[in-house]
Amino acid sequence: MPKIRYQGTHYDCTEHQSVLDVLLANQLAIPSSCRSGQCQTCLMQAISGKPPAAAQQGLKDTLKTQNYFLACSCIPQEDMEITLPDASDLRMKAIVKHIEKLSNEVVSICLQSDVPIAYRPGQFINLFRDENTARSYSLASLPDQDDCMQLHVRKVPGGRMTGWLHEEIACGTQVEISQAAGTCFYAPGNMEQPMLLIGTGTGLAPLYGIARDALSHGHKGEIRLFHGSMNRDGLYLHGALQALATEFANFRYFPCISNEAVNDPLITSGHVLDIAMQQHGNLSGWRVYLCGNPDMVKAARKKTFLGGAAMNDIYSDAFIPAQA
Amino acid sequence: MNQNLYHKLGGEAAVNAAVDIFYRKVLSDDRISEFFDDVDMESQAAKQKAFLTMAFGGPNNYNGMDMRRGHAHLVKRGLNDSHFDAVVENLAATLKELNVGGDLISEVAALCETTRNDVLGK
């Protein structure tokens, strides 16, 4: 089996073991979060040896050519010497400019980076608490309209980042962030195409960015945003989305509550995916965006595809919880 | 590779037109959907595209060993002749939906048939 060399020491890999598995098993501190090749927190660089293609999936071409790879998805095919990326290359400093409570569980955090970073609404950045703790957050803001990068952060009971983000950081706190990544964003073109957006919880953050981005590009087709929450408190952009629907005739907002009695005629009772699919039996020709709970996203990808949406028209971002 | 068949079917454009229809059919077919119900739908779709290219007589690098290796884990899960037949049936239905003539559909089915023993590990 191939060997990996890290900080001057060789480590043996067993079959099917990822680079991340090997390093963590040897008590080495390597940042990681989703451990399924999505969040890019465990980004490393190969000094020698070629990372397999599967370990570079989703990375920017510039990173691929420099032999960056994701440790969690890297089953080495040959001996590799690897290193953690030089933080100064890939991480940037940002200042917390604004914090706003959106609901009992969700706060909006606005960040301004030293050097403006290029991003599309709906992409995500990694926010570092310290050298080894980082989490991915989607961008709800528009780079050409909003001064800051806006994240929606939900309280995760007992979460390592949550306490810090909700209680310790304040305006003026300096943080480190990664470049923006991810493929779930609005691509201008095909302006008449109807769009269906379905999200649960803070899956609304990317969808809010995507909807506003499409509208600001002058998208003509209908845009329907379904937001699902357990309770009324979780519909944390209710007012802003209603205002957006008033402003744009082709934008409609469908709030859904799954776990609490509903006495508002504007809110539908039930699971957001069921409700969205009941109203959209035929999705042939639609563009679809799905964000939030991984089980919902997985089920929704299949249902919208079987409902007629083309594979290339389905964009999704599953919010995979950090693995302990 | 059967350039003539691939050309008559419409080449890569035909594969692109067929892949979503075909994948939707196999995912909805209770006899075989479990073999296609991958977490990663995009990589599944890429596999279907490679399969269709091969079945249409297009350029491919498949050989018998690849077919065996690639399907061994499915054979362990019970993949058998009835599933193979169902896949070919769905492919024929896909082509019919795209208004491909019966004689060309038979050619595609015959091309699939040449892979049966390798796919099923016989």
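Observations, loosely collected:
- If only the Cβ of Lys and Arg carry +1 and only the Cβ of Asp and Glu carry -1, the dipole of chain B around its Cα centre is close to 280 debye.
- When the Cα positions of A:F248, A:Y137, A:G159 are compared along the charge dipole of chain A, A:F248 comes out farthest toward the positive end, with charges on each C-beta of Lys, Arg, Asp and Glu.
- The phi-based Karplus calculation (6.51 cos²θ - 1.76 cosθ + 1.60; θ = phi - 60°) puts the 3J(HN,Hα) values of the stretch A:256-261 at 9, 10, 9, 9, 7, 4 Hz, whole numbers, x for Gly and Pro.
- Nearby aspartates and glutamates by direct alpha-carbon distance to B:K47 (threshold 19 angstrom, same-chain neighbours under 8 apart not counted): A:D313, B:E12, B:D20, B:D29, B:E34, B:D37, B:D38, B:D66, B:D85, B:E89, B:E113, B:D118
- Each of A:L28, A:A53, A:A187 was placed along the dipole of chain A (beta-carbon charges, centred on the mean Cα), and the one lying farthest toward the positive end is A:A187.
- Quick note on chain A: its Rg to Rh ratio, both from C-alpha atoms and Rh being the Kirkwood radius, is 0.99.
- Helix A:294-306 axis, angle to chain A major axis (alpha carbon atoms, nearest 10°): 60
- Dipole of the stretch B:7-119 computed with +1 at Lys/Arg Cβ and -1 at Asp/Glu Cβ about the Cα centre; of B:T53, B:M65, B:F36, farthest Cα towards the positive end is B:M65.
- From most to least packed by mean Cβ count within 10 Å, the peptides A:167-178, B:79-90, A:279-290, A:299-310 give A:299-310, A:279-290, B:79-90, A:167-178.
- Qualifying lysines (Cα of each under 29 Å from Cα of A:K97; at least 8 residues distant if same chain): A:K60, A:K155
- Over 22 Å [Cα-Cα, the stretch A:10-135], rounded percent: 41
- Size of electric dipole in the stretch A:237-305: Cβ of Lys, Arg +1 and of Asp, Glu -1, about Cα centre, debye, nearest 20: 420
- With both residues required to sit in the protein assembly as shown, DSSP beta bridges show an antiparallel share near 55%.
- Sorted largest first, the principal axis extents computed over the alpha-carbon atoms of the stretch B:7-119 equal 36, 28, 24 Å.
Every number here is computed from the coordinates shown, using simple stated rules; none is lab data. Everything numeric here is computed off the predicted structure, so don't read it as measured data. All Cβ positions, even for glycine, are placed from backbone atoms using ideal geometry, and neighbour counts span all protein chains on display.
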